[in-house]
Amino acid sequence: MGGVRKPLMELAGEPVLVHALRPFLAEPRVVAVVVALAPDAAADPPAWLTALDARVSIVAGGESRSDSVRLALAALPADLAVIAVHDAARPLVSPGVVSACIEVALRGEGAVAGCPVVDTLKEVDSACAVVGTPDRARYWHAQTPQAFPARMIRAAYAQPGESATDDSALVELLGATVRMIDAGASNLKVTRPGDLAIAEAYLADSRRR
């Protein structure tokens, strides 16, 4: 993205981060939201973020995603029943998916938003030679939000020396059950410049309905 922080980029007249936060702030069971920003941004956060909602607080993130989640977990109230983690660059998650993930976590299991794999998968070796074709029916793309019983996710991140690009991977090390929640086709992550145009199209379509 040319060095521009994706969550702060504009999408349909608002920062990507605002779109990502809105479905959580609309959920009445959400009592606290912690946003992990880059340290320099956390030291001088934008006014639109600090004024967004009284439930929102800001922490300085760490060097890795896992470090940032740990810091955010430490800033949350200790008495929560459920904790959800969401990528700030996923602006189109629906309130229904947020609610479904919370419901699973309230039952004592982990929940991961995502979608089934529709392309054929190929396993390759270090030289990119194909060594196998797994059954795609058994595979999903893992996205966010990911929601867990609070004690479960705190225990997962308390494991020494463990880090992951996916919160549920740490929860799986505890032997806990994690279930997939179909987030639909629109729960994209803004990663490349073209993703903003796709997100704009999804937003325009949803507003026409």
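The values are calculated or read from the model by the stated rules, or taken from the named source; none is laboratory data. Treat the numbers as computed from the prediction; the structure is a model and nothing was measured. Note that each Cβ is placed from the backbone with ideal geometry, even for glycine, and that neighbours are counted across all protein chains shown.
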Looking at segment 48-65, is at least one residue out of contact with any Pro (no Cβ under 7 Å at 6 or more places or on another chain), within 26 Å of D195 (Cα to Cα), among the β-branched types (V, I, T) and surrounded by 18 or more Cβ atoms within 10 Å (Cβ to Cβ)? no
Give all pairs with beta carbons closer than 9 Å in which a residue from segment 181-201 that is touching a residue at least 24 places away in the same chain (Cβ under 8 Å) and over 14 Å from V16 (Cα atoms) meets a residue that is in a strand (DSSP E or B) and of a type in the set (S, T, Y); count only pairs at least 6 apart in sequence or on separate chains. A183/T144
Within segment 160-190, the count of residues that are farther than 18 Å from A84 by Cα, among the polar types (S, T, N, Q) and at pLDDT below 90 comes to 0
Applying the selection to segment 99-124, what residues are hydrophobic (A, V, I, L, M, F, W, C) and assigned to a strand (DSSP E or B)? A111, V112, A113, C115, V124
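Quick one: in segment 30-44, which of the residues that are outside any loop (DSSP other than H, G, I, E, B) and of a type outside the set (A, V, I, L, M, F, W, C) is surrounded by the most Cβ atoms within 10 Å (Cβ to Cβ)?
From segment 30-44, those outside any loop (DSSP other than H, G, I, E, B) are 33-37, 39-43; that's our starting set.
Within this subset, residues satisfying the condition of being of a type outside the set (A, V, I, L, M, F, W, C) are 39-40.
Details: P39: 12, D40: 8.
Here the answer is P39.
Residues checked against (1) among the acidic types (D, E); (2) surrounded by 15 or more Cβ atoms within 10 Å (Cβ to Cβ); (3) touching a Phe, Trp or Tyr at 6+ places or on another chain (Cβ under 9 Å); (4) part of a loop (DSSP other than H, G, I, E, B):
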| position | (1), (2), (3), (4) |
| --- | --- |
| S126 | no, no, no, yes |
| P145 | no, yes, yes, no |
| E162 | yes, no, no, yes |
| S168 | no, yes, yes, no |
| V171 | no, yes, yes, no |
| E200 | yes, no, no, no |
| D205 | yes, no, no, no |
Among the residues listed as D44, D40, D79, D67, the single one being under 16 Å from the mean Cα position of the chain (by Cα), acidic (D, E) and either under 24 Å from Y157 (Cβ atoms) or modelled with pLDDT under 95 (or both): D67
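Within segment 128-138, can you find the residues that are under 17 Å from M180 (Cβ atoms) and part of a loop (DSSP other than H, G, I, E, B)?
P134, D135
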If you go through segment 145-166, how many residues are under 17 Å from N187 (Cα atoms) and touching a Gly at 6+ places or on another chain (Cβ under 9 Å)? 2
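Being within 19 Å of E27 (Cβ to Cβ) and either of a type in the set (D, E, K, R) or modelled with pLDDT of 95 or more (or both) is true for just one of V104, V117, V130. Which residue is that?
On the way: V117 fails: within 19 Å of E27 (Cβ to Cβ); V130 fails: within 19 Å of E27 (Cβ to Cβ).
On inspection, the qualifying residue turns out to be V104.
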Residue check for V93: touching a residue at least 40 places away in the same chain (Cβ under 8 Å), hydrophobic (A, V, I, L, M, F, W, C) and either assigned to a helix (DSSP H, G or I) or buried (at least 18 other Cβ atoms within 10 Å of the Cβ) (or both): yes
Hits in segment 10-29 (condition: buried (at least 18 other Cβ atoms within 10 Å of the Cβ) and either within 20 Å of E63 (Cβ to Cβ) or of a type in the set (A, V, I, L, M) (or both)): L11, V16, L17, V18, A20, L21
Every pair of residues 6+ apart whose Cβ atoms lie under 8 Å, when the first sits in segment 132-158 and is within 23 Å of A88 (Cα to Cα) while the second is part of a loop (DSSP other than H, G, I, E, B) and among the polar types (S, T, N, Q): Q143/N187
Does I58 satisfy being in contact with a helix residue (DSSP H, G or I) (Cβ under 9 Å, 6 or more places away or on another chain), free of Cβ contacts under 8 Å to residues at least 40 places away in the same chain and under 27 Å from L11 (Cα atoms)? yes
